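Below: one structure, written as structure tokens.
The values are calculated or read from the model by the stated rules, or taken from the named source; none is laboratory data. Note that the structure is a prediction, hence the values are computed from the model and not measured. With ideal geometry, Cβ positions are generated from the backbone for all residues, glycine too; neighbour counts draw on all protein chains shown. Ligands, DNA and RNA are excluded from the accessible area calculation, which covers all protein heavy atoms including side chains. Shrake-Rupley method; radii C 1.70, N 1.55, O 1.52, S 1.80 Å.
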Amino acid sequence: MAVTTVPHAGVHDDGPDQLYVETRELRLQGFLLFLVSDVVLFSSFIFAYLYLRNTGNVWPPPGINRLDVAFAAFNSMVLFGSGCTMHYALENWKHNNFVKYAWCMIATIVLGAMFLGGQGYEYTTLYFRDHVSWGGSGIFGASFFTLTGMHGFHVAVGVVYLTVLLLQSLAGTYTKDKFFGLTAGTLYWHFVDVIWVVLFSIFYLI
Amino acid sequence: MNWVIVERSVAAVGSVVVFVVAVIALKNDWKTPGIENHVFKIMLGLLALGGIIAFLAGIDVLGRFGGAA
């Protein structure tokens, strides 16, 4: 009977680089599965919102002001812009432009934090000026704050994640050939961008 | 200062920049192999779509109906 040995960090003959090559595809597939599970999570809430919205005759419900499209479009641009800077951060890393990479990462983190600040401003305005809340405004408030809050949580996690990635890259954790963490970070950030394209459309535009 | 005009202007100009950058990145990555690059292409395409949507919202073409102001 053939015996298969499992490579292990530290005892493998070719060292951790060989282990990295062998496990990279598996880690990538695992990360993509995580993103797919997040897509399912958001999709279930989005379809629930669309279903509930279509059951009402008037939308938004009486007594609730329409959402501020101009500010939301501005805030969306902040997030979409961060998607572009994140993409070029990874490209610069691949092409050994470390300084440009670092600036692109910093820009992404700052823009992500700005988006969260904008969302906080919007929540505050909705709560104090328009008296819209999660529990007190029916389906509209519950759907809006649940979905945008869930997305905001993902952005907040992403900002922390990218900050950790930047610090790791400054500390020399990644090399030109070993940078799976940066690839995963870029995939994650594009994911939160794409989710916002959908949320922006369904809450503010249709 | 009318902040709505400022917000709409920044959104419109920014969305054009995002669209152009996303399309250029998509073009550069078009022939790159690998699963992650295929996912990047899908996401860059959707980012470009987001740029178009935000541009239309910025110039007040979209967002005038339903739940939007």
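Being open to solvent by 30 Å² or more (accessible area, probe 1.4 Å) and either within 26 Å of B:Asp60 (Cβ to Cβ) or modelled with pLDDT of 90 or more (or both), is that true of even one residue in the stretch A:183-195?
Restricting attention to the stretch A:183-195, the residues satisfying the condition of being open to solvent by 30 Å² or more (accessible area, probe 1.4 Å) are none.
Checking the stretch A:183-195: not a single residue is open to solvent by 30 Å² or more (accessible area, probe 1.4 Å) and either within 26 Å of B:Asp60 (Cβ to Cβ) or modelled with pLDDT of 90 or more (or both).
For A:Tyr49, all conditions in the list (1) within 16 Å of the chain's Cα centre (by Cα); (2) open to solvent by less than 10 Å² (accessible area, probe 1.4 Å) hold save one; what is the number of the exception?
Checking A:Tyr49 against (1) within 16 Å of the chain's Cα centre (by Cα); (2) open to solvent by less than 10 Å² (accessible area, probe 1.4 Å), the one that fails is (1).
Can you tell me which residue is farthest from A:Leu116 (Cα to Cα) among those in the stretch A:38-59 that are in a loop (DSSP other than H, G, I, E, B) and either modelled with pLDDT of 95 or more or not aliphatic (A, V, I, L, M) (or both)?
Going through the qualifying residues, I end up with A:Asn57.
Restricting attention to the stretch A:60-89, report how many residues are more than 8 Å from chain B (Cβ to nearest Cβ), outside any loop (DSSP other than H, G, I, E, B) and in contact (Cβ under 8 Å) with a residue 60 or more places away in the chain.
So the count comes out to 4.
Here is a check on your reading of the model: is A:Ser133 touching a residue at least 40 places away in the same chain (Cβ under 8 Å), open to solvent by 10 Å² or more (accessible area, probe 1.4 Å) and farther than 28 Å from A:Leu35 by Cβ?
It is false that A:Ser133 is touching a residue at least 40 places away in the same chain (Cβ under 8 Å), open to solvent by 10 Å² or more (accessible area, probe 1.4 Å) and farther than 28 Å from A:Leu35 by Cβ.
Looking only at the stretch A:18-64, which residues are of a type in the set (Gly, Ala, Ser) and closer than 30 Å to A:Thr175 by Cα?
The answer is A:Gly30, A:Ser37.
Are there any pairs, at least 6 apart or on different chains, whose C-beta atoms fall under 8 Å, with the first in the stretch A:138-152 and under 15 Å from A:Gly56 (Cα atoms) and the second assigned to a helix (DSSP H, G or I) and among the charged types (D, E, K, R), and if so, which?
As it stands, the answer is A:Ile139/A:Arg53; A:Ser143/A:Arg53, since those pairs meet every condition given.
Quickly run through the stretch A:58-89 and pick out the residues that are aliphatic (A, V, I, L, M) and touching a strand residue (DSSP E or B) at 6+ places or on another chain (Cβ under 7 Å).
Hits for the stretch A:58-89 are A:Leu67, A:Val69.
Keeping to the stretch B:1-39, report how many residues are more than 7 Å from chain A (Cβ to nearest Cβ) and part of a helix (DSSP H, G or I).
Total meeting the criteria: 18.
Among the residues of the stretch B:8-35, what is the count of those that are at pLDDT below 90 and open to solvent by less than 70 Å² (accessible area, probe 1.4 Å)?
The qualifying residues number 4.
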